[in-house]
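Below you'll find the structure, written out as structure tokens, and then a few comments.
The values are calculated or read from the model by the stated rules, or taken from the named source; none is laboratory data. The structure displayed is predicted, hence computed values, not measured ones. All Cβ positions, even for glycine, are placed from backbone atoms using ideal geometry, and neighbour counts span all protein chains on display. The accessibility values were calculated without ligands, DNA or RNA, using every heavy atom of the protein model including side chains. Shrake-Rupley method; radii C 1.70, N 1.55, O 1.52, S 1.80 Å.
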Amino acid sequence: ERKLSKKEEEEAIRRNKASERNETEDLRLVSRQEYLKKRQQKKLEEIRDEIEDEQYLFEHVKLTELERRELSYKKQILEAVTKRAVEDENQNEYRIPDAYDVEGGVNQEKRFSVAMQRYRDLAGDKMNPFAEQEAWEDHQIGKATLQYGSKNKKRSDEYQYVFEDQIDFIKASVMDGDQFEDGQPADLLESRAKSELEKLQEDRKTLPIYSYRDELLKAVDNHQVLVIVGETGSGKTTQIPQYLHEAGYTKRGKIGCTQPRRVAAMSVAARVSQEMGVKLGHEVGYSIRFEDCTSEKTVLKYMTDGMLLREFLGEPDLAGYSVVMVDEAHERTLSTDILFGLVKDIARFRPDLKLLISSATLDAEKFSDYFDSAPIFKIPGRRYPVEINYTKAPEADYLDAAIVTALQIHVTEAPGDILVFLTGQEEIETAEEILKHRTRGLGTKIAELIICPIYANLPTELQSKIFEPTPEGARKVVLATNIAETSLTIDGIKYVIDPGFCKMKSYNPRTGMESLLVAPISKASANQRAGRSGRTGPGKCYRLYTMFNYQTELEDNTVPEIQRTNLANVVLMLKSLGIHDLLHFDFMDPPPSEALLKALELLFALSALNKVGELTKVGRRMAEFPLDPMLSKMIVASDKYKCSDEIISIASMLSIGNSIFYRPKDKQVHADNARLNFHTGNVGDHIALLKVFNSWKETNFSTQWCYENYIQVRSMKRARDIRDQLEGLLERVEIEQVSNLDFEVIKKAITSGFFPHSARLQKSGAYRTVKHPQTVHIHPSSGLSQVLPRWVIYHELVLTTKEYMRQVTELKPEWLVEIAPHYYQLKD
Ligand code: ADP
Ligand code: MG
């Protein structure tokens, strides 16, 4: 058997990573061109779909005269748009602009055809498909032996001896640093051995914010609302709550500080508890969904913005708080935007409540304007200049380019850690494995490279690794999601690699479809990322795109989440807070009214709202659950079907997402068989999840059992924690916990929440959703993907290579009419 070459092994690593996650294809968008093309195609498809839908409606549904007129009008518009889009397409929109030639001197198309030609030449000449590979290996071996004679060579040459690939960058500009006195306070030089706590206290004094402590406290004293702006790492999140605590603000209430991300809330709380020398969960704690690490003693509470939002339900005036700090306001998450409206309102009748809005970017005027011209407190920055480099030509594969660039920096650049921005866990794990693979066996040829991943689902024990100082002679490379853009400050970063992408939620209010897509970042994000390299000294940023890309393709700012998401959740919450007139809610940037209407429509269909838009008893119960409305409805409905015990197990398992099963590379067949065991009888994915949970419970929550069945024990423990909380909430809304193992009854309860998600098999083998007709498929990871029942109900739609339904269960169509007669009528 032929031994795999290094490149083939890496390819295998990638394939494995993708299949471990049950994806059929590598879903990463490989190039910017492709991204733009896909986006354009998707738009066209949407338009075509719309027209199809219209026809479907004309044929199948009884319409009022008004609706009919409206639809035909819409159709006319759509036809015109399609015509224009087709014309545009014919004009060859995707031709690579000439500007690339000017920009980098390299034409991407040409580059590609040269590469193809080279491949053909090699393959054709030698009639050996591995010729190129072998040539590459020979080349490598040749270079490796040359290594010994190259001690006096320039460092950039050295790189070439170790690694083949190289990316050329153009140094484009230098981002100015801020004016400040360089140098550290003298007492840092003291050599007296210090306790850990003393050292941390001294570190606090070196932060930029420290010099402004008294001024800041005075400003908080004098003003009820204050907007605070400062460079990432200046000490806003960790220091301000401590200053206020030291100044006595916690004597009459807690200080709450919100974060858009779970990991940030946990990590910052851990740091602050260390600085204060207290146990995490005592004076300093954190609260994230399904995990409350606070106690009676807690006075500094870090929490996700979503959690503070939920606290309004129990305490509409936040009476327990003396200060609320809405941190990372520039992120503009949905929850933060809603919080703005709510805290602004309570500040009016609670003059004793202090409100701090803190943000990393400089668009503070907008926040100030919104909060009735609140004063802006600017913490003077401390950032060194950052050199910006762009690639000469667009990179076809940003993940590979990022890896090559990291190694290039490692071998050729001065000491200093590297921060790489990637889009998600899968990508980070792939990059980690490939980096390890490429540096393996190089021994002392290169310095040690310490690889530190950081993403939301990383186990807490591993998260602190990124903060550990890098040992002398080694270099750290942090592979991070957007979390490292502003939420977490990592010291010692000198090099930033920015591929220019992030995962972004998008929502189509027409179809109700939400998807998480890899999309280009904004200019504001790109500059934030670059800034991360200039905290402790002059830095360098490597953008894996051209200057032309930056200038012409990136938006100035990221669109706030409220304008691109499903609003059903927050509408239910606002309604239960007694806010009825949503169209006139004080939004900083209002959501599209179509999305609001869509949310109201769904809540009405779920019987959470009545005809005049008031919260019903069902809706009130639903709002108690920190879950999406359809899941909450499913739980509330389980009361009627007397199967609440099973339904909360299913809800907890669904909340975990798709990280329950795993497929190790060498045991995929075993893993697949183990998984199929739970699907015996084609019970559907929901029941299979229930069986997994119950079987685990029967083994008394055994880790060994998980291991034998290729199930991630960490995910299961999380599901169990969530389930415990849901049990508590059942009691609160007075639903009796009853068990019933009749699958049909359980499926009916599921249908009570998910009836809007029904789909019917087509002749083509694809499915068509019933309510907002579009073509979808059963996800290959589903137990029913080979069975193809005539009618199904699905948990969610995900857009990857196709539109897939994930977590699918067979349905009897008469249930739809029985359970939701107001939503589905039999055609006469
Ligand atoms: P800001 O909110 O202004 O961006 P932070 O208060 O988060 O700044 O960070 C201030 C300093 O605290 C940073 O220099 C960072 O090194 C340090 N720090 C923050 N969190 C941690 C942590 N979990 N571990 C170690 N150091 C941390
Ligand atoms: Mg911060």
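If I ask for residues that are surrounded by 15 or more Cβ atoms within 10 Å (Cβ to Cβ) and out of contact with any Pro (no Cβ under 8 Å at 6 or more places or on another chain), which ones from region 467-477 would you list?
First, pick out the residues of region 467-477 that are surrounded by 15 or more Cβ atoms within 10 Å (Cβ to Cβ): 467, 470, 475-477.
Within region 467-477, F467, T470, K476, V477 meet the criteria.
Which one is nearest to M303 (Cα to Cα) among residues in region 318-332 that are within 11 Å of ligand 2 (Cβ to nearest atom) and open to solvent by 20 Å² or more (accessible area, probe 1.4 Å)?
Initial filter on region 318-332 (within 11 Å of ligand 2 (Cβ to nearest atom)): 325, 327-331.
Filter once more, so that each one left must be open to solvent by 20 Å² or more (accessible area, probe 1.4 Å): 330-331.
On the way: H330: 17, E331: 15 Å.
Applying the filter and picking the extreme gives E331.
If Q239 satisfies all but one of (1) within 16 Å of ligand 2 (Cβ to nearest atom); (2) touching a residue at least 40 places away in the same chain (Cβ under 8 Å), what's the number of the condition it fails?
(2)
Take the conditions open to solvent by 30 Å² or more (accessible area, probe 1.4 Å), in contact (Cβ under 8 Å) with a residue 60 or more places away in the chain and within 16 Å of ligand 2 (Cβ to nearest atom) and apply them to R535. Does it pass? Reasoning before the result, please.
Working: open to solvent by 30 Å² or more (accessible area, probe 1.4 Å): yes; in contact (Cβ under 8 Å) with a residue 60 or more places away in the chain: yes; within 16 Å of ligand 2 (Cβ to nearest atom): yes.
Yes; evaluated as a whole, the condition is true for this residue.
Got a sec? Which helices (runs of 4 or more DSSP H) wholly within region 617-699 have at least 3 residues that are within 30 Å of L309 (Cβ to Cβ)?
Numbers: elements: 617-623, 629-641, 644-655, 668-677, 685-698.
Of the helices (runs of 4 or more DSSP H) lying wholly inside region 617-699, those with at least 3 residues that are within 30 Å of L309 (Cβ to Cβ) span 617-623, 629-641, 644-655, 685-698.
Could we say that I497 is open to solvent by less than 60 Å² (accessible area, probe 1.4 Å), touching a residue at least 24 places away in the same chain (Cβ under 8 Å) and in contact with an Asp or Glu (Cβ under 7 Å, 6 or more places away or on another chain) here?
Values: open to solvent by less than 60 Å² (accessible area, probe 1.4 Å): yes; touching a residue at least 24 places away in the same chain (Cβ under 8 Å): yes; in contact with an Asp or Glu (Cβ under 7 Å, 6 or more places away or on another chain): no.
It is false that I497 is open to solvent by less than 60 Å² (accessible area, probe 1.4 Å), touching a residue at least 24 places away in the same chain (Cβ under 8 Å) and in contact with an Asp or Glu (Cβ under 7 Å, 6 or more places away or on another chain).
Run down S464, S487 and say which single residue is within 16 Å of ligand 1 (Cβ to nearest atom) and buried (at least 16 other Cβ atoms within 10 Å of the Cβ). Steps first, please.
Details: S464 fails: buried (at least 16 other Cβ atoms within 10 Å of the Cβ).
The conditions single out S487.
Quick test of your reading of the structure: D337 fulfils all but one of (1) more than 16 Å from ligand 1 (Cβ to nearest atom); (2) more than 23 Å from the chain's Cα centre (by Cα); (3) open to solvent by less than 30 Å² (accessible area, probe 1.4 Å). Name the failing condition by number.
(2)
Quick grid of which residues meet (1) among the polar types (S, T, N, Q); (2) open to solvent by 10 Å² or more (accessible area, probe 1.4 Å); (3) over 30 Å from the mean Cα position of the chain (by Cα):
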{"residue": "G657", "(1), (2), (3)": "no, yes, no"}
{"residue": "F661", "(1), (2), (3)": "no, yes, no"}
{"residue": "Q668", "(1), (2), (3)": "yes, yes, no"}
{"residue": "H686", "(1), (2), (3)": "no, no, no"}
{"residue": "S702", "(1), (2), (3)": "yes, yes, yes"}
{"residue": "E744", "(1), (2), (3)": "no, yes, yes"}
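Just to verify a result, which residue in region 409-427, among those that are over 17 Å from K540 (Cβ atoms) and in contact (Cβ under 8 Å) with a residue 60 or more places away in the chain, is surrounded by the most Cβ atoms within 10 Å (Cβ to Cβ)?
Here is the first cut: in region 409-427, the ones over 17 Å from K540 (Cβ atoms) are 422-427.
Still in the list and also in contact (Cβ under 8 Å) with a residue 60 or more places away in the chain: 422-424, 426-427.
Numbers: L422: 27, T423: 24, G424: 17, E426: 19, E427: 25.
Only one residue tops the list, namely L422.
Assuming H777 fulfils every condition listed in (1) closer than 30 Å to S607 by Cβ; (2) open to solvent by 30 Å² or more (accessible area, probe 1.4 Å); (3) part of a strand (DSSP E or B); (4) not hydroxyl-bearing (S, T, Y) apart from one, which condition is it?
Of everything listed in (1) closer than 30 Å to S607 by Cβ; (2) open to solvent by 30 Å² or more (accessible area, probe 1.4 Å); (3) part of a strand (DSSP E or B); (4) not hydroxyl-bearing (S, T, Y), H777 misses just condition (1).
If the Cβ limit is 6 Å and pairs must be 6+ apart or interchain, which residue in region 627-655 that is at pLDDT below 95 pairs with which residue that is open to solvent by less than 10 Å² (accessible area, probe 1.4 Å) and of a type in the set (A, V, I, L, M, F, W, C)?
Taking only residues 6 or more apart or on different chains, the pairs are S655/I722.
Only residues that are closer than 13 Å to K378 by Cα and more than 16 Å from ligand 2 (Cβ to nearest atom): list them for region 200-216, please.
Of everything in region 200-216, those that are closer than 13 Å to K378 by Cα and more than 16 Å from ligand 2 (Cβ to nearest atom) turn out to be S211, R213, E215.
Considering each of T361, T430 in turn, give the residue that is within 22 Å of the chain's Cα centre (by Cα), of a type outside the set (K, R) and surrounded by fewer than 22 Cβ atoms within 10 Å (Cβ to Cβ). So that I can check it myself, show each step before the final result.
Details: T430 fails: surrounded by fewer than 22 Cβ atoms within 10 Å (Cβ to Cβ).
On inspection, the qualifying residue turns out to be T361.
Among (1) open to solvent by 30 Å² or more (accessible area, probe 1.4 Å); (2) out of contact with any Pro (no Cβ under 9 Å at 6 or more places or on another chain); (3) free of Cβ contacts under 8 Å to residues at least 40 places away in the same chain, where does N527 come up short?
Here N527 clears every test but (3).
I'd like the residue in region 795-810 that is open to solvent by less than 10 Å² (accessible area, probe 1.4 Å) and at pLDDT 95 or above and, out of all such residues, is farthest from the chain's Cα centre (by Cα). Steps first, please.
Going through region 795-810, the residues open to solvent by less than 10 Å² (accessible area, probe 1.4 Å) turn out to be 805, 808-809.
In the following step, the residues that additionally are at pLDDT 95 or above were identified as 808-809.
Values: V808: 24, T809: 27 Å.
Looking at the filtered set, the residue picked out is T809.
Name the residues in region 700-746 that are free of Cβ contacts under 8 Å to residues at least 40 places away in the same chain and part of a loop (DSSP other than H, G, I, E, B), would you? It would help to see each step written out before you state the result.
As a first pass, look at region 700-746 and keep what is free of Cβ contacts under 8 Å to residues at least 40 places away in the same chain: 700-709, 713, 717, 724, 728, 731, 734, 744.
Residues satisfying the conditions are N700, F701, S702, N709, E734.
Considering each of I450, I418 in turn, give the residue that is in contact with a strand residue (DSSP E or B) (Cβ under 6 Å, 6 or more places away or on another chain), away from ligand 1 (no atom under 15 Å from the Cβ) and over 30 Å from R332 (Cβ atoms). Spell out how you get there, then give the answer.
Working: I418 fails: over 30 Å from R332 (Cβ atoms).
Of the residues listed, the single one that is in contact with a strand residue (DSSP E or B) (Cβ under 6 Å, 6 or more places away or on another chain), away from ligand 1 (no atom under 15 Å from the Cβ) and over 30 Å from R332 (Cβ atoms) is I450.
Among the residues of region 367-384, write down those that are away from ligand 1 (no atom under 16 Å from the Cβ) and surrounded by fewer than 16 Cβ atoms within 10 Å (Cβ to Cβ).
D369, D372, S373, P375
So L582 passes all but one of these: (1) free of Cβ contacts under 8 Å to residues at least 24 places away in the same chain; (2) surrounded by fewer than 16 Cβ atoms within 10 Å (Cβ to Cβ). Which condition number does it fail?
Condition (2) is where L582 drops out.
Which of the numbered conditions does L606 fail, given that it passes all the others? Conditions: (1) at pLDDT 95 or above; (2) within 24 Å of R675 (Cβ to Cβ).
With (1) at pLDDT 95 or above; (2) within 24 Å of R675 (Cβ to Cβ) applied to L606, the lone miss is (2).
Taking region 388-408, which residues are assigned to a strand (DSSP E or B) and open to solvent by 40 Å² or more (accessible area, probe 1.4 Å)? Break it down into steps so the answer makes sense when it comes.
If we filter region 388-408 for residues that are assigned to a strand (DSSP E or B), which is where we start, we get 388-391.
Passing the criteria: none in range.
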